Amino acid sequence: MNFDFTEEQLMIQQAARDYAQRELIQDVLEREEKAEFPARHVKNLAELGFLGMMVSPEYDGAGMDSVSYVLALQEIAKVDASVAVIMSVNNSLVCYGLQRFANEEQKQKYLKPLARGEVIGAFLLSEPEAGSDATHQHAVAEDKGDYYLLNGTKNWITNASSASVYIVMAQTHPDKKSRGINAFIVDKNTPGITLGPHENKMGMRSSDTHSVMFSDVKVPKENRIGEDGFGFKFAMMVLEAGRIGIASQALGIATGAFERALAYSQERKAFGTEIFNHQSVAFKLSDMAVKIENARNLCLKAAWLKDNHQSITVAGAMAKQYAADIAMEVTTEAVQIHGGYGYVKEYHVERLMREAKLTQIYEGTSEIQKIIISRSLIKE
Amino acid sequence: MKILVLISNVPDTTTKIRFTGDNKSFDTNGVQWIINPWDELALTRAMELKEAGAFETITVANVGTQITESTLRKALAVGADEAIRVDAVPQDAFFVASQLAKVAEGYDVILAGIEASDYNGAGVGGMLAELLGINSVSAVSGLEIENGALKVHRDIDGGSQVLSVPTPVVLIVQKGIAIEPRIPAMRGIMMARKKPLNVIAPVDAESKTEFLGFELPAPKAACKMVEEDNAKELIRLLHEEAKVL
Ligand SMILES: Cc1cc2nc3c(=O)[nH]c(=O)nc-3n(C[C@H](O)[C@H](O)[C@H](O)COP(=O)(O)OP(=O)(O)OC[C@H]3O[C@@H](n4cnc5c(N)ncnc54)[C@H](O)[C@@H]3O)c2cc1C
């Protein structure tokens, strides 16, 4: 057992922290209020290498491990979860999916600019009628010989308007059910693609979420990822790895709220003493610290397993479910510790609380994670 | 032209400062180390000048034990090309300057921070120039290089001064030399692995000072809020409690 980080991992953590504390903090409240996409930050983070962190240098990525990724995302999400989700979708869904499953030409054409962060990507699985149950894809991709004809609607798509590259799941052989689903790389500016309005969200408001409509969109055959019918398996394997990203995001949100609550508890006085000296406040902070430590260990363990090419099905689900659930608890308590100040925007904790909620919903709800975990308990 | 940037390894500015039992030495347990902020700015300016073609390579040097290597590695990740560590416990400014004098020969421009944020000694740069027998300029807040000629900006009381100085020279730099330190990019962090970090043995040098003891500053008094329309109370507090009026 070795709990030490390498010099490089610490350097990446520090770089992410410096960027978040120096730059993101400056306009996070304003962007959140206006639901404004953080274009400048995405460009800067791309230049620093954070958008293709784990892609191998051969495809213009930084070639870092998943442990570094957890540390970096935690630092970013501590300050700005919207930026963290943009980073997470690009790294652990889009880039990871292409690096692992795309063919050489697809990697040259699409992965390289994504890894450099020159363009960003989106992952289109959910539909109005297919969220937790993604096996029932209503979007269809009809095989027309040398191209597929794509029709249907995708819902809740992160990066939908800012991305240039879409990875889209759609049904080709309805009779084969989930084994008939395919995954495609689709250029966003292909004719026939239209976006719904920017969703007016409770939190992570500066990440752009839209529904995406496909109407007779022609997708070249060479843009299918893997064998015919590989799409559902592809999506599940990618989401499995993606959970480490959302778990780390949740961990960051919790840590950000905890650090603010801890500092505030040592400044705010009530009944003649700093509120930290009231045991029920100190014990809240103690509980928060234990939960965060647990979540962090689960995230790092899942990342370590991934780096060592071991299965992360269960570890990733545990990390995602636990980190998301404690993020909700910790941020709620952080608001409580701030009293009335916690309920207004300047103190950040109410925003962190709104952000935490989403981590329990997307990339598999907490309930879905529990299905994965509980099934594994009785599997040989 | 060759440039050397001196790098001091200091505790992160948010470190909780504690001293060991006899109050004679700083307790380094659990301390996070960073590049001295002034040195980091010096390195940033060196990088900008290198990018403009004034230098081919940037060398950084530090006197310290192995714990300083991650700080040097960070300087390499930010963009220095090679690092030198003189393997010794830095004792005082004279000791450190004596060690650096051995590695600083042959450089045209040597950048030293105006002070280190740990002991605020502000002595190394000047002593190093003296030991090398070359010029030094203090309180440098700007450096330009055109066709190999140095134009140095200094802050002086109520204004600034622009000098032209011959090389070799030690420039003791302060705020203003660069705007903001750079965050190392992932590519830099990867490349830092492969850049040389040479460890060299120290030379004999005596330290000229002895630390007798440290004291922490008095704890900060709590902040008092005064209602915005109550100037009278503010004046009373300033007069009777803060005693500044
Ligand atoms: C802001 C935002 C961004 C998103 N980004 C993306 C994206 O980029 N790409 C993408 O493809 N999707 C994205 N999603 C979609 C997200 O992954 C889905 O919302 C999520 O999977 C849940 O699906 P649903 O909303 O249809 O809820 P439903 O599946 O309808 O679930 C409703 C409730 O029922 C529960 N439930 C469902 N089935 C079961 C069961 N078998 N047992 C117990 N409980 C169950 C759920 O846990 C939940 O509590 C995003 C969503 C949001 C809100």
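Could you tell me how many degrees, from 0 to 90 and to the nearest 10, lie between the Cα long axis of helix A:279-307 and the main elongation axis, the longest principal axis, of the Cα atoms of chain A? Value to nearest ten degrees: 30.
Per the Cauchy relation, a quarter of the hull surface: what is the mean projected area of the convex hull of the alpha carbons in region A:309-380, in nm²? Kindly include the intermediate steps, with their values, before the conclusion.
Details: hull surface 23.5 nm².
Average of the hull's projected areas for region A:309-380 equals 5.9 nm².
Building the convex hull from the alpha-carbon atoms of region B:4-148 and averaging its projection over directions returns 8.8 nm². Sorted largest first, the spans of the alpha carbon positions of region A:208-247 along the three principal axes are 36, 30, 13 Å.
Considering all alpha-carbon pairs of region A:247-302, what whole percent are spaced by more than 15 angstrom? Tail of P(r) above 15 Å: 51 percent of Cα pairs. Rounded to two decimals, the Cα-based Rg/Rh of region B:33-73, with Kirkwood Rh, is 1.03.
Taking all protein chains as present, what is the carbon and sulfur share of the accessible area of the protein assembly as shown, in % to the nearest whole number, probe 1.4 Å? Kindly include the intermediate steps, with their values, before the conclusion.
Values: 15460 of 29700 Å².
Heavy-atom surface of the protein assembly as shown belonging to carbon and sulfur, 1.4 Å probe: 52 percent.
Multiplying the residue separation of B:LYS208 and B:ASN147 by 0.36 nm and removing their Cα-Cα distance gives an extension gain of 17.9 nm.
DSSP beta bridges fully contained in the protein assembly as shown are about 60 percent antiparallel. For the residues A:TYR343, B:TYR119, B:TYR107, a 1.4 Å probe over the protein chains yields an accessible-area ranking, largest first, of A:TYR343, B:TYR119, B:TYR107. Peptide A:59-65 has a mean shielding of 2, counted as Cβ atoms of other protein chains within 10 Å of each residue's Cβ. Peptides B:28-34, B:138-144 ranked from most to least packed by the mean count of surrounding Cβ atoms within 10 Å: B:138-144, B:28-34. Chain A and chain B together bury an accessible surface of about 1600 square angstrom, both sides counted, with a 1.4 Å probe and no ligands or nucleic acids included. Over region A:1-136, all Cα pairs binned in 10 Å intervals from 0 give whole-percent P(r) values of 12, 39, 32, 16, 1, listed from short to long.
Given R₀ = 45 Å, what would the calculated FRET efficiency be for B:HIS239 paired with A:THR273, taking r from the Cβ atoms and rounding to 0.05? Before the final figure, lay out the partial values.
Details: r = 28 Å, r/R0 = 0.63.
For B:HIS239 and A:THR273, the calculated efficiency is 0.95.
When the surface is traced with a 1.4 Å probe over the full set of protein chains, B:THR209 keeps roughly 90 Å² accessible.
Which of A:LYS43/B:LYS151; A:LYS154/A:LYS201; A:LYS357/A:LYS379; A:LYS345/B:LYS175; A:LYS34/A:LYS284 have a Cα-Cα distance over 28 Å? Please report the intermediate quantities before stating the final value.
On the way: A:LYS43/B:LYS151 34 Å; A:LYS154/A:LYS201 17 Å; A:LYS357/A:LYS379 31 Å; A:LYS345/B:LYS175 34 Å; A:LYS34/A:LYS284 33 Å.
Listed pairs above 28 Å: A:LYS43/B:LYS151; A:LYS357/A:LYS379; A:LYS345/B:LYS175; A:LYS34/A:LYS284.
Determine the equivalent ellipsoid of region A:253-380 by diagonalising the alpha-carbon gyration tensor, then write out the semi-axes as square roots of 5 times the eigenvalues, largest first, rounded to whole Å.
Working: eigenvalues 216, 42, 27 Å².
Its equivalent ellipsoid spans semi-axes of 33, 15, 12 Å.
I need the calculated FRET efficiency for the pair A:ASN200 and B:ASN198, taking r as the beta carbon distance and R₀ as 60 Å, to the nearest 0.05. Kindly include the intermediate steps, with their values, before the conclusion.
Numbers: r = 58 Å, r/R0 = 0.97.
For R0 = 60 Å, the calculated efficiency reads 0.55.
Label-to-label distance for A:VAL344 and B:THR14 is 2.4 nm, based on points extended 7 Å past Cα in the beta-carbon direction. Semi-axes of the equivalent ellipsoid for chain B, computed as √(5λ) from the eigenvalues of its C-alpha gyration tensor and ordered from largest down, come to 35, 24, 19 Å.
Can you order the peptides B:57-65, B:35-43 by their average number of other Cβ atoms within 10 Å per residue, highest first? Display every interim value, and only then the final one.
Values: B:57-65: 21.9, B:35-43: 25.2.
Output ranking for B:57-65, B:35-43: B:35-43, B:57-65.
Calculate, in whole percent, how much of the Cα-Cα pair population of region A:107-239 lies beyond 18 Å. That fraction is 51 percent.
Out of every Cα-Cα pair that the protein assembly as shown contains, those further apart than 35 angstrom amount to 50 percent. Within the full protein context, the accessible area of A:LYS112 is estimated at about 50 Å² for a probe radius of 1.4 Å.
The values are calculated or read from the model by the stated rules, or taken from the named source; none is laboratory data. This structure is a prediction, so every number in the text was calculated from the model and none was measured. Because the Cβ atoms are built from the backbone with ideal geometry, glycine has one as well, and the counts that use them run over all protein chains shown. Note: accessible area is taken over every heavy atom of the protein model, side chains too, but ligands, DNA and RNA are not part of it. Shrake-Rupley method; radii C 1.70, N 1.55, O 1.52, S 1.80 Å.
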